[in-house]
Each structure stands twice: as C-alpha cells, then as structure tokens.
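Accompanying notes for the structure given below.
Just so you know, all these numbers are worked out from the coordinates, no wet-lab data involved. As the structure is a computational prediction, the values presented were derived from the model and not from experiment. Glycine gets a Cβ as well: all are built from the backbone with ideal geometry, and neighbour counts include every protein chain shown.
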Amino acid sequence: MSNKEKIANKKSEGAGKGNSSRFGAFKMYSLFSVVILIAIALVFNIFIDSVLGDKLVFDLSSTGQNSITKVTQDYLDSLPADTNIRIVGLMEKPTNIKDTMYEYIVPLLDDYATKSNGKVTVEYIDPDKNPTIISQLDPEGMYDLTSNVYAVSYAGKVQVVVPMNCFAYDQTYLNNYGSYVPVSNNVESSFTNAIVNLTSGYTHKAYFVRGLQEESTLQFARVLSALGVESADLPASNDFSIPDDCELLILSGINSDITSSMSTAIQEYLNNGGKLFVAIDYFSSTTETFTNLNDALHVVNLHLDDYLISENDPSYQLSGEHLQFNVAVCPDYQSMTSSAYLRTEYSRPVKEYDLPYEYIVTSPILQTSASATSVQVNSDGEFSYFENAGVYNVGMYSTFQGVSNAPEVYVFGTLDLTSDQYISAYGSNDANVVLLRSIIRNLLPSENSVFVDSKPLSDYSVDNTKVTAKAVTLMTIVLMVILPLGLITTGIVVFNKRKNL
C-alpha cells in the first residue's frame, strides 16, 4: 500500500470517529431534551393544578355524578359568608377509587369544597395515625365516631355519614342472597341533608314503631331527613309509651299486629291531637287481620281490610296483572303529586268504619277502577272469596272538624310509597314518592326542607345542555392553542438542531 493510500485511510478512520462522536452527542442531547420537556410539563401541570385546582374540571355527564346539583348550590349560596362546615373523612384519602363506592364520593366532595366559596372544607384524617381527631370533633363522645366514616361538623354539632349508606340497594337481591347490589347513588343527598340539618336544625321529630316484623324503612327515613324531620325508633312492647316529642308516629311495612296496650296508647295519642301514618300491604301479611291496629284506627273512622284487591280493568292493570295496577289520585290530592295515577301492587282496601260522628271527616286519596274486586287468599295461595266489583280505596285521610288540636291520620294499603324496594327502584322523584313528601310536608310543615334526588349509577353519557361557553372556550384553548403550540415549539427546536446533520 502506498503512502497516499495509508494517509487516505487514516483520514477516513478519523472522519468516522468524528461522525460517531457527533451522533452520540446529538443522541444525548435528544434524550436530555425529552427529559427537560417532561420535567417542564410536570412543573407546568403542578403549577396549574395549585393555582386553578378543579376550576378546569368539567362534569358533562347527564346525571352529574361528580357535581353538586343546583339545589345544593343554591343552599350553599344562601348561607352566610362566614359559615364553616367541616367534612372530615376519618380515613386516609382513597386514591384507587375506580369501581369502588368512593368513585362517587371523593370527587363530589371536592366539588362541594370548590363551589362553596370557602364555606365547606374537606379533609381526610386517619384516626389510627391522629387519634386526637375524634376527641377534637366529638369532645363528649356523643356521636360514636369511628374510622372509615365521614364526620360533617358545624358549630360543635356533628352528623355521621357512612359511605355504605350513601347508596340504595336492590332489596330483593339482598333478602334472597344476602348481597348488596347498589341501584342508585344518594351521596349528594346524604351530605346535603347533613349540611342542611346542621345549619338549620331539625324542626320536627317522627318515630318508627319497631319490632313488628316490619320492612326496612331506610329510604323513608332519608325522605324525612331531607324534609327537616328527625326520625327515631320506638320499640313495640306491652308497656308501649309514645314520647312527648313525637310529632308523627309511623307504622310502615309491619307484618304482625300491635298489642292491645299499644292500641290503647295510640288511641290516647290520637285523641290528644296526634299524627299517624300507616302503610301496610297484603304481600307478606296474608293471614294477619290487624285487629288491635284497627281498634286504634276506628277512633278516626278508618279500617284496614284483610282482603287483597284484584283490578279487573285492563286499562288500569300493569302488564296485564290483576294484582299490579294503577290507582287514580282523587281530585283533592292531585296537586300533591306529579301524576294522576300511581303504581301499586298487593294492596289492601282502606274504608270507613262507619262511626256516626259528624265531626270525623274522611276522604279517599287513591282509588281503583269500578271493576276492581277484593278477594281472600287461602293457605294454598288461591283466591277463595270474591266481593262485588266496585271502587276500592287504597289510601285514605281522616281528621276531626271543628275540634281544636285535631288528629290527622293517613292510612295506605300499599307499601309503594314508602318501601326501600320501591324508592330504590323508581327514585325519589317518582310520583308515588312525591305524594309521600307532600303528605309529610302537610303533616309537619318546615321552611328548611331541601330535597336532592338520587342519581342513577355509572351514567356518564354526555349532556349537551351542560356544555357551557366557559367549558367550550377553555377546552378550545387547551386543544387548539396550548397543545399545538407545544408540539410546534418542540418540532422547531429539534429541526434547528438537526438540520445541519
């Protein structure tokens, strides 16, 4: 090999080493640029989050799963500016919330804090790590605070919200299989009711009679709470006594009769101007005649029959079923609900007892068609006796006219206004439940009632009416300005660095 060839080879080797070194430098520069870009994006994201928080978060779902409703917003806006409501989750703040009940709770509570103008604060404190938090919230140990609940605190008063109780469950599945299957979301209702009751105070007291094989009344109690009515349990017993602060006595879904001593106590309660609400269907209590309960109802000239109503008018029947049908709302009560007809099933007739006292005034609330009959059911579940066709009352009202401190009594032969199963299935804005709320308002008027309807679960379909100009503007800026500008800037930097390669 000549000297010229050797020199040329050395130059070629040197050039190769130079290019390799140059490519390595640009490779490191590219990697470093990517790292810097990621760091800038993270810092920018943290800065925006700290400054704007949830102001750039929009809930466009049709049911507003993560947003407070206008009802809640209006109530929060009505509170004085110096109001301080503290919501404390007695737990570590849940993080992996997808497909858990906290998926519906944590974001919604953040929305309370964001939209309350400082009136509501939300925090999470684990009592296992900070045991003083319970004594701080409840110095006298009145509220039995424990881990994994929410304490809503205001002016030294506390209401406990249990996450599990923020949902309505399929009662049929629960009764048959012992498993909780949620069917609706009552999170906002639970927290807003707590806030309203703490800031306005309960204005009335109702008692549920317990110990008579009754159905669950959790949903009924929530309706009362939303109307500013505190509810408590009153055990059935031979020495039964109605408390002095009882403004409404409730027997709902009982499956066995009251005792004679209880009947005497209720009669005395009514004669002193008491208010009574009774709802009993025929589905579970096929053999119970409720003799003692009827003795009490006779004071106001009402009687609950031990028959089952069969509706024979096809236009009233639901899906062709004789025992599941619509009932007409009587004219005097149509303004109290949102429909002229309500659903009912397995219903008992309610009728006048026929006491000859003119001061007792009764009126029908819900009625069948003129083609309905009432039947008895034998031990084999077969119809054994048919009464004549005619109009039957499924609900009635009674009071005393021209008497001071008159009693008021509502009696229904159906549970399709009050049962957990019905309210969970059809929601709090169903016409049946609207009638229930109106009745409670009539019995126990309150100016502080705030009612938030339940929400269906996992409904994230977009509601176009929620796409506001503000949301569209911000999304447009992010999608059409900020992101494209970032990509263009990155492209220019990379192009300038690599164009001479």
| said: Taking the number of other C-beta atoms within 10 Å as the exposure measure, put PHE191, PHE32, PHE451 in order starting with the fewest. | reply: PHE32, PHE451, PHE191
| Coil-residue trypsin sites (Lys or Arg not before Pro) of the range 86-138, DSSP, other Cβ within 10 Å capped at 11 | LYS98, LYS129
| remark: Counting only DSSP beta bridges with both partners in the range 64-167, the antiparallel fraction in percent, to the nearest 5, comes to 65 percent
| Entries in LYS205/LYS351; LYS275/LYS455; LYS157/LYS205; LYS70/LYS205; LYS93/LYS119; LYS70/LYS455 that, when Cα-Cα distance is taken, lie over 25 Å | LYS205/LYS351; LYS275/LYS455; LYS70/LYS205
| note | Computed on Cα atoms, the radius of gyration and Dmax of the range 64-167 in angstrom are 13.9, 38
| said: I'd like the Karplus ³J(HN,Hα) series for the range 337-342: coefficients 6.51, -1.76, 1.60, θ = phi - 60°, whole numbers in Hz, and an x wherever there's a Gly or Pro. | reply: 9, 9, 8, 7, 9, 10
| field | Residue exposure sequence - HIS322, HIS298 - by fewest surrounding Cβ within 10 Å | value | HIS298, HIS322
| field | Exposure proxy ranking, count of Cβ atoms within 10 Å, fewest first, for ILE440, ILE38 | value | ILE38, ILE440
| Centre separation in Å (Cα based) which lies between the range 296-341 and the range 245-276 | 23 Å
| query | Under a 5 Å amide H to amide H cut-off, with H placed in plane at 1.01 Å, what residues pair with ILE360 once short-range neighbours are removed? | reply | GLN401
